[in-house]
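Here is the structure we will look at.
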Amino acid sequence: MKTYKELSKEELEALKKDLSAQYEDVKGKGLKLNMARGLPSAEQLDMEADFFNTLNPQSVFKSEAGIDCRNYGELIGIAEARKLMGDMMEVDPDNIIVFGNSSLNIMYDTVCRSVVHGVCGSTPWCKLDKVKFLCPVPGYDRHFAITEQFGIEMINIPMKADGPDMDLVEQYVNNDAAVKGIWCVPKYSNPQGITYSEEVCKRMAALKPAAEDFRIFWDNAYTIHHLYDDKQDNLPEIMNLCAQAGNPDMVYKFCSTSKVTFPGSGVAAMAASTKNIEFIKKIITIQTIGHDKLNQLRHVRYFGSFDGMVQHMKKHAAILRPKFELVLSELEKELGGLGIGEWTKPIGGYFVSFQAMEGCAKEIVAKCKDLGVTLTGAGATYPYKKDPMDSNIRIAPTFPPIDELAEALKVFVLAVKLTSVEKLLA
């Protein structure tokens, strides 16, 4: 089989004619399919209907410590919720604050606190001439949106097969006091599905920041989101590594049950050193009297323990696994060996990352939209929505039913082929 680049001009033109005819045929179908965001499917949400039976009017609403969860109080969360989230995050419950339903909200507030109040007594970022953040790319668009909203300068750090380019990270962090943070999705990363290696984690923990208020924003969103029982990535625990390296205060760790129970109705938590926790508590005690303890209580009783949560995730995996396998098989069958795209093969998380020929991503996404398939916008996986190569596309296979996913993938590969031919002919 020839790659597209090996085809003659005449062969490319003949191929374009054939692909264009297919394009018009699909366009006439009037499809309306969505692969834009990593949402759990209706099947996953239906699977958890029994969650709503956890509390009822006859329930005992007191926590194990005798606290009435219907009332005010418990700023950092009830003890059993901190234990559950601590087990999920591999951190002592004493270093956990359980917040509301969104880890993204916690991350936003953490940046905002740093801007307004500083970090553990340091100068508030709003009073500094320049604040910079390192952004592994491709990465999570909502991370970048937070730092962009606060006017923080974002610096691209290329992702390698085992995590961010640590030579670059060390160069920036250790030498530039304006660098105050780095965004990380360290396990089954968004969008590539990469898990940071032990070496990357150890180098991250051993950073020697020029800024005393530098923090690693460790968004471990997919910590238990495996697709297979027998193939799972392992991630070293970053807070322990930081402590061992003499940097106990350098990391904030975030997690939630948004894709474990219900998105927008889960439980989110933050883990940090005692020094960080005490500083944060002083600020949030003005912000809130406490978060939703009834929801914390529901989650604790629904799962019983962290092992109950792990067993629950196997049900999610059973639904998601065929979808990811379909994506990978379809891409290999239709695009393998053509030299017009590469893609990751994750064993967990919520996304597949597709790398098109340079200069093709926006056009591929536009063609898909024209054919009735909505994808995440090209460029979204980079700060300021500017992919310098215009080549990365995030595929989110989780939400559509599998028959609709199959239809959407046919549209996607057609758009990739036609755009690539047009690019080569141009």
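The values are calculated or read from the model by the stated rules, or taken from the named source; none is laboratory data. All figures in this text were calculated on a predicted structure; none of them were measured in a lab. Ideal geometry is used to build each Cβ from the backbone, glycine not excepted, and the neighbour counts take in all protein chains shown. The accessibility values were calculated without ligands, DNA or RNA, using every heavy atom of the protein model including side chains. Shrake-Rupley method; radii C 1.70, N 1.55, O 1.52, S 1.80 Å.
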Out of the residues in the stretch 300-336 that are in contact (Cβ under 8 Å) with a residue 24 or more places away in the chain, more than 22 Å from the chain's Cα centre (by Cα) and in a helix (DSSP H, G or I), state the one that is nearest to D403 (Cα to Cα). E330
Limited to the stretch 229-288, what total is found for residues that are in a helix (DSSP H, G or I), β-branched (V, I, T) and out of contact with any Lys or Arg (no Cβ under 9 Å at 6 or more places or on another chain)? 4
Please identify the pairs in which a residue from the stretch 159-183 that is more than 18 Å from H143 (Cα to Cα) has its Cβ atom under 9 Å from the Cβ atom of a residue that is open to solvent by less than 50 Å² (accessible area, probe 1.4 Å) and aromatic (F, W, Y), counting only partners at least 6 apart or on another chain. D162/Y196; V173/F214; A177/F214
When you scan the stretch 1-10, do you find a residue that is open to solvent by less than 80 Å² (accessible area, probe 1.4 Å) and over 27 Å from R394 (Cα atoms), even just one? yes
List the helices (runs of 4 or more DSSP H) inside the stretch 66-180, counting only whole elements, that have at least 3 residues being closer than 22 Å to Y382 by Cα and within 17 Å of the chain's Cα centre (by Cα). 103-117, 141-149
Kindly indicate whether G30 is in a loop (DSSP other than H, G, I, E, B), farther than 26 Å from T376 by Cβ, over 24 Å from the mean Cα position of the chain (by Cα) and of a type in the set (G, A, S). no
In the stretch 36-65, what residues are more than 32 Å from the chain's Cα centre (by Cα), open to solvent by 60 Å² or more (accessible area, probe 1.4 Å) and not aliphatic (A, V, I, L, M)? N56, P57, Q58, K62, E64
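Conditions tested, residue by residue: (1) in contact with a Pro (Cβ under 8 Å, 6 or more places away or on another chain); (2) part of a helix (DSSP H, G or I); (3) not hydroxyl-bearing (S, T, Y).
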position: G193; (1), (2), (3): yes, no, yes
position: Y196; (1), (2), (3): yes, no, no
position: R203; (1), (2), (3): no, yes, yes
position: K208; (1), (2), (3): no, no, yes
Considering each residue of the stretch 202-219, count those that are of a type outside the set (D, E, K, R), under 29 Å from Q355 (Cα atoms) and surrounded by fewer than 24 Cβ atoms within 10 Å (Cβ to Cβ), and give that number. 1
